[in-house]
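The values are calculated or read from the model by the stated rules, or taken from the named source; none is laboratory data. Since the model is a prediction, treat every value here as computed from it, not as a measurement. Positions of Cβ are backbone-derived with ideal geometry, glycine not excepted, and every protein chain shown enters the neighbour counts. Please note that ligands, DNA and RNA were not included when accessible areas were found on the heavy atoms of the full protein model with its side chains. Shrake-Rupley method; radii C 1.70, N 1.55, O 1.52, S 1.80 Å.
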Amino acid sequence: MIEKILGSLGAFIIGVISTTGYAGIALLMAIESACIPLPSEVIMPFSGYLVSTGRFNLILVATAGAIGCNIGSALAYWVGAYGGRPMVERFGKYVLLNVHDLDRATHYFQRFGSVTVFVARLLPVVRTFIALPAGIAKMPQVRFHVYTFLGSWPWCFVLAYIGMKLGEAWKTDPRLKSFMHRFDAVIVAVLVLGFAWFVWSHWKNRSEAAAAA
């Protein structure tokens with residue numbers, strides 16, 4: 001069961017990456033960093049899997065991912081810089097971005113300053129939205145892109161490395177396949193519940209914010 005679900009998702013990502021190479025990795029990561037919910041936790045491990053097949057180089061995969069983060073973050077930065085918080089609040093709902101997400105990213109940025117862009121890029125969830133408050137605050141663009149790249153590269157590298165090692169183990173270690181078959185129902189349930197909770201919580205917060213307005 002889990003092989004079919006992961007296989008379908010992996011087929012899409014691998015299809016994009018296989019067709020367009022490193023540019024595909026950059027494209028997918030740019031989509032994620034533009035605040036569109038396409039998680040890097042899926043993109044980069046599958047890219048790492050292609051490293052295990054000999055298709056790609058691990059360092060170049062991480063670099064392509066980090067470049068993609070910069071490209072997508074540039075778009076989010078300009079949305080924050082020119083549209084401000086009102087624009088983010090108005091249109092963020094269409095990508096399941098709610099006021100809570102924005103408040104959390106803004107809180108970190110206001111408390112710790114520009115270095116938050118670097119630190120946030122090493123953290124799940126908040127890393128996707130940190131470019132918005134950076135844009136609203138008109139953070140210097142050169143510093144913004146340097147911190148974005150430096151924070152994104154190790155994140156991309158670690159996820160790709162995990163995917164590479166799992167790819168190698170999948171081909172050589174029958175225990176991994178046995179484990180996945182044995183607990184596939186549990187893993188699928190966790191994945192489905194996790195995704196359902198993400199959508200429900202963001203939709204709920206969005207609805208509450210709209211009612212309050």
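Determine if the stretch 168-180 includes at least one residue that is at pLDDT below 85, outside any helix (DSSP H, G or I) and open to solvent by 50 Å² or more (accessible area, probe 1.4 Å).
Looking only at the stretch 168-180, we keep the residues that are at pLDDT below 85, and these are 168-180.
Among the residues that remain, those that are also outside any helix (DSSP H, G or I) are: 173.
From the residues that got through so far, the ones that are open to solvent by 50 Å² or more (accessible area, probe 1.4 Å) too are none.
No, every residue in the stretch 168-180 fails to be at pLDDT below 85, outside any helix (DSSP H, G or I) and open to solvent by 50 Å² or more (accessible area, probe 1.4 Å).
For the stretch 76-87, the criterion of being modelled with pLDDT of 85 or more, under 26 Å from Ala160 (Cβ atoms), out of contact with any Ser or Thr (no Cβ under 6 Å at 6 or more places or on another chain) and of a type outside the set (S, T, N, Q) is satisfied by at least one residue.
If you scan the stretch 121-138, which residues turn out to be hydrophobic (A, V, I, L, M, F, W, C), outside any helix (DSSP H, G or I) and farther than 17 Å from Met29 by Cβ?
Ala137
Quick check on my filter: what residues within the stretch 141-167 are surrounded by fewer than 21 Cβ atoms within 10 Å (Cβ to Cβ) and under 15 Å from Val115 (Cα atoms)? Please lay out each step first, then the result.
Of the residues in the stretch 141-167, the ones surrounded by fewer than 21 Cβ atoms within 10 Å (Cβ to Cβ) are 141-143, 145-146, 149-150, 153-154, 157-158, 161-162, 165-167.
Matches in the stretch 141-167: Gln141, Val142, Arg143, His145, Val146, Phe149, Leu150.
Hey, among the residues in the stretch 20-71 that are among the small types (Gly, Ala, Ser) and not in a helix (DSSP H, G or I), which one's modelled with the lowest pLDDT?
Kept after step one, since they are among the small types (Gly, Ala, Ser), are these residues of the stretch 20-71: 21, 23-24, 26, 30, 33-34, 40, 47-48, 52, 54, 62, 64-66, 68.
Okay, now just the ones that are also not in a helix (DSSP H, G or I), so 21, 34, 54.
On the way: Gly21: 89, Ala34: 84, Gly54: 88.
Of everything passing the filter in the stretch 20-71, Ala34 is modelled with the lowest pLDDT.
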